[in-house]
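Notes follow once the structure below has been shown.
The values are calculated or read from the model by the stated rules, or taken from the named source; none is laboratory data. Every value quoted in this text rests on a predicted model; they were computed, and no experiment measured them. When we count neighbours, we look across all protein chains shown, and the Cβ atoms used for this are built from the backbone with ideal geometry, even at glycine.
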């Protein structure tokens, strides 16, 4: 019998999804522009996101488990 794959936070996020991320200045919205895969520490899934605010530079890489769906 094959082992079941555990659903991790952020597994439902895809390229084009709107997400929210938390930074010291508050909670901001962004759009996922690239799925970088499981490249992070201990296989964390990394996503490239582009902020929708004109006050932040981007795009930048963020762990999927720390993103919330904005949809």
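Answer with yes or no whether residue 34 is over 10 Å from the mean Cα position of the chain (by Cα) and modelled with pLDDT of 90 or more.
No, not satisfied.
Of all residues in the stretch 10-29, count the ones that are more than 9 Å from the chain's Cα centre (by Cα), in a strand (DSSP E or B) and surrounded by 11 or more Cβ atoms within 10 Å (Cβ to Cβ).
So the count comes out to 4.
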